[in-house]
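The values are calculated or read from the model by the stated rules, or taken from the named source; none is laboratory data. Bear in mind the structure is a predicted one, so any value in this text is a computation, not a measurement. Note: ideal-geometry Cβ built from the backbone for every residue, glycine included; neighbour counts use all protein chains shown.
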Amino acid sequence: MQIGVLALQGAFAEHVAMLRRLGVTPKEVRLPCDMEGLDGLIMPGGESTVMGKLATAFKLIDPIRNFAYARKPIWGTCAGLIFMARDVGHVQPLLDLLYVKVERNAFGRQVDSFIADLPIPIVNKALGLVDTPFRAMFIRAPIVKSVGQGVDILAQLPDGKIVAVQQEHLLGTSFHPELTQDGRMHQYFLNLVENS
Ligand code: GLN
């Protein structure tokens, strides 16, 4: 299985390290030719406006969209989720793949970053694990304000804020599983790729 990690900017090295721990050697994606032969793609956290501008400059928008249209799995974490969305409330380069409305920086500034023990019952059930929460790191994180048809909610904070969604082969999380030692979200994505 060949997994790509979009490596234009942001926390891509941490995703690469986590995948290696899970026994997968990923490929860093910077150019359209790097997409060749991939079975799944991860887009990291960082800064979604910068990521979008760089993806536009490197002509990656159409290859990533076509990858999704070919039903190959994509997972966006934080800025990656924003980049995948259809609507973020203002104009910036978006892939328009995930039928969600996202609010950027929904918890405030960098100083308002936090860690939460997030219930992930659907993920745990799919992995056949005991249902324990995921220690999720939120760094200037977005939330999903509303979901369109066909989008399932995978995780919510206690106040109901939506922080993980899945639309068939497309996955989006507000938090940063690559910054923890917990490989469950990555394993969930790898299973999605395996079963797609
Ligand atoms: N606040 C960033 C944005 O709007 C996302 C932050 C992150 O990826 N940790 O793009």
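Being in contact (Cβ under 8 Å) with a residue 12 or more places away in the chain, hydrophobic (A, V, I, L, M, F, W, C) and under 27 Å from Asp34 (Cα atoms) holds for only one residue in Leu157, Leu127, Leu81, Leu118, and it is Leu81. With a requirement of 1 or more residues that are hydroxyl-bearing (Ser, Thr, Tyr), the strands (runs of 3 or more DSSP E) lying completely within the stretch 116-196 that satisfy it span 143-147, 170-173. A single entry from Gly76, Gly89, Gly46 fulfils the requirement of being over 16 Å from His176 (Cα atoms) and among the small types (Gly, Ala, Ser): Gly89. If only one of Leu81, Leu94, Leu41 is on the phi < 0 side of the Ramachandran plot, under 16 Å from the mean Cα position of the chain (by Cα), among the aliphatic types (A, V, I, L, M) and surrounded by fewer than 21 Cβ atoms within 10 Å (Cβ to Cβ), which one is it? Sole residue among the options that is on the phi < 0 side of the Ramachandran plot, under 16 Å from the mean Cα position of the chain (by Cα), among the aliphatic types (A, V, I, L, M) and surrounded by fewer than 21 Cβ atoms within 10 Å (Cβ to Cβ): Leu94. When the stretch 1-37 is filtered for residues that are within 15 Å of the ligand (Cβ to nearest atom) and acidic (Asp, Glu), only Glu14 remains. Restricted to helices (runs of 4 or more DSSP H) entirely inside the stretch 38-102, those with at least 1 residues that are within 16 Å of the ligand (Cβ to nearest atom), modelled with pLDDT of 95 or more and touching a Lys or Arg at 6+ places or on another chain (Cβ under 9 Å) are 48-57, 79-84.
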